[in-house]
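Asks: Let me give you the structure first, and then I'll get to my questions.
The values are calculated or read from the model by the stated rules, or taken from the named source; none is laboratory data. The shown structure was predicted, so the numbers you read here are calculated from the model rather than taken from an experiment. When we count neighbours, we look across all protein chains shown, and the Cβ atoms used for this are built from the backbone with ideal geometry, even at glycine.
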Amino acid sequence: MTVIKFNNVTKSYRTHSVLDHMDFTIEEGVLTGVIGRNGVGKSTLMKISAGYIQATSGEVQVFSENPFNSLKVSANSILVDDTMSFSDKLSLSDILKEANRFYLNWDAQLAQRLFDYFSFHPDVRHKHLSKGKKSTFNAIIGIASHCPLTIFDEPTTGMDTAVRKDFYRALLKDYIANPRTILLSSHHLEEIEDLLEDILLIHDGKIRFHGPITDLQEMLVKLVGKKVNVLAHTSKRTIFGSQVNGAYSEVLVENKFTADEKIRLSEEGIKMIPVSANDAYVALTTGAKGGIDDVFNRTATD
Ligand SMILES: Nc1ncnc2c1ncn2[C@@H]1O[C@H](COP(=O)(O)OP(=O)(O)OP(=O)(O)O)[C@@H](O)[C@H]1O
């Protein structure tokens, strides 16, 4: 079953276009990483999916309904982000009790075990938590709610490394025990790549890639060999990055080589080295500006 469907969706804030005629579908029970560089529109896409804001044009369907003002969508989804707030009148333990009343599939035992594991004090108010503790508490709500559509937007903001690891492990264990549709955005793809099934990669307002993480890895390959030989095989291809080490060079290109070409590469001593999903993501989203080194390589007259 399709849980989220974007059909020709655009979103602009005044004159600033963020999502540009976007089409994609998210199927039930898949854990998808929403990946993209800063300001590319990940939160915007997630807020539209949760029904918090409306698209400017196009059709959005979540559980077969327009999510904006949809009771069905609010009852079956949760969006965890750093703007999540709770009434100052409630202590943390009151919030857990309220969550028990509010979320149909709430797992009170799991919530309490995570609450104790992360050493929360029941009487504290949410607004008095530190940044990392706030994120951890919000993540507990997100995990224990067991909502059919669970959306985590940068859930680990402020968490230290150990807590981030614990959170991802808790999420994975709980997802295996209670499969549901999860969207998870993060700037640290390398930290979550073992967790994800699919990746939705946003770039320049469009979906640059959507599919299994292994397919993303296989989109690019690094050729390493003698400079002249590597150049002969890459000069007519789109190059995503290169590095020269003396007579040798490494060039990152699209992994579109025929069986014959692969044999020739091997005969010429050129190695084809797989890249990580994170390297592929960075290469595919770096664009024509080049790398940070280019900023320093410019002369004063440029
Ligand atoms: N309410 C708003 N009004 C005007 N512009 C906005 C609003 N919300 C977001 N934007 C702009 O839309 C663009 C996308 O923002 P969004 O927060 O969706 O990106 P993001 O990919 O989640 O960013 P980050 O990775 O930095 O968190 C940004 O340029 C942002 O400044």
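Asks: Pull up segment 1-42, narrow it to residues that are among the hydrophobic types (A, V, I, L, M, F, W, C) and under 18 Å from SER57 (Cβ atoms), then point me to the one that is surrounded by the most Cβ atoms within 10 Å (Cβ to Cβ).
Replies: Here the residue is ILE4.
Asks: Need pairs with beta-carbon distance below 8 Å; first residue over 24 Å from LEU149 (Cβ atoms) and within segment 1-19, second near the ligand (Cβ under 9 Å from one of its atoms) and not in a loop (DSSP other than H, G, I, E, B); sequence gap 6+ or separate chains.
Replies: Cβ pairs passing all conditions: SER12/VAL18; SER17/LYS11.
Asks: Follow-up. State whether the residues of segment 76-87 include one that is assigned to a helix (DSSP H, G or I) and within 25 Å of SER135 (Cα to Cα).
Replies: Taking every residue of segment 76-87 in turn, at least one turns out to be assigned to a helix (DSSP H, G or I) and within 25 Å of SER135 (Cα to Cα).
Asks: Looking at GLY33, GLY51, which is the one that is in a loop (DSSP other than H, G, I, E, B) and either closer than 29 Å to ILE176 by Cβ or modelled with pLDDT under 95 (or both)?
Replies: GLY51
Asks: Restricting segment 149-184 to residues that are within 26 Å of SER74 (Cβ to Cβ) and among the small types (Gly, Ala, Ser), which is surrounded by the fewest Cβ atoms within 10 Å (Cβ to Cβ)?
Replies: Within segment 149-184, the match that is surrounded by the fewest Cβ atoms within 10 Å (Cβ to Cβ) is ALA177.
Asks: May I ask you to list the residues in segment 1-36 that are touching a Gly at 6+ places or on another chain (Cβ under 8 Å) and at negative phi?
Replies: PHE6, ASN7, VAL9, THR10, LYS11, SER17, VAL18, LEU19, ASP20, MET22
Asks: Here is a list of conditions, (1) more than 12 Å from the ligand (Cβ to nearest atom); (2) touching a strand residue (DSSP E or B) at 6+ places or on another chain (Cβ under 9 Å); (3) on the phi > 0 side of the Ramachandran plot; (4) not in a strand (DSSP E or B), and GLY39 meets all of them except one; can you say which number that is?
Replies: Just one mismatch for GLY39, condition (1).
Asks: So, one more: Using beta carbons and a limit of 6 Å, which pairs, at least six apart or on different chains, have the first residue in segment 50-72 and loosely packed, with under 15 Cβ neighbours inside 10 Å and the second one part of a strand (DSSP E or B) and modelled with pLDDT of 95 or more?
Replies: Taking only residues 6 or more apart or on different chains, the pairs are THR56/THR10; THR56/LYS11; THR56/SER12; SER57/THR10; GLU59/ASN7; LYS72/GLU65.
Asks: Looking only at segment 51-64, which residues are within 13 Å of the ligand (Cβ to nearest atom) and of a type outside the set (Ser, Thr, Tyr)?
Replies: Selection gives ILE53, GLN54, ALA55.
Asks: I would also like to ask the following. In segment 89-147, how many residues are under 17 Å from GLY158 (Cβ atoms), touching a residue at least 12 places away in the same chain (Cβ under 8 Å), loosely packed, with under 14 Cβ neighbours inside 10 Å and not basic (Lys, Arg)?
Replies: 1
Asks: Might you check whether a residue that is within 13 Å of the ligand (Cβ to nearest atom) and closer than 21 Å to PHE24 by Cα occurs anywhere in segment 166-180?
Replies: No - not one qualifying residue is present in segment 166-180.
Asks: While we're on this one: For segment 127-139, indicate whether the set of residues that are away from the ligand (no atom under 16 Å from the Cβ), over 21 Å from the mean Cα position of the chain (by Cα), assigned by TED's automatic domain parsing to the domain that holds LEU196 and not in a helix (DSSP H, G or I) is non-empty.
Replies: Yes.
Asks: Let me ask something additional. Looking at GLN243 and the list (1) surrounded by 13 or more Cβ atoms within 10 Å (Cβ to Cβ); (2) in a strand (DSSP E or B); (3) not hydroxyl-bearing (Ser, Thr, Tyr), which single condition is not satisfied?
Replies: (1)
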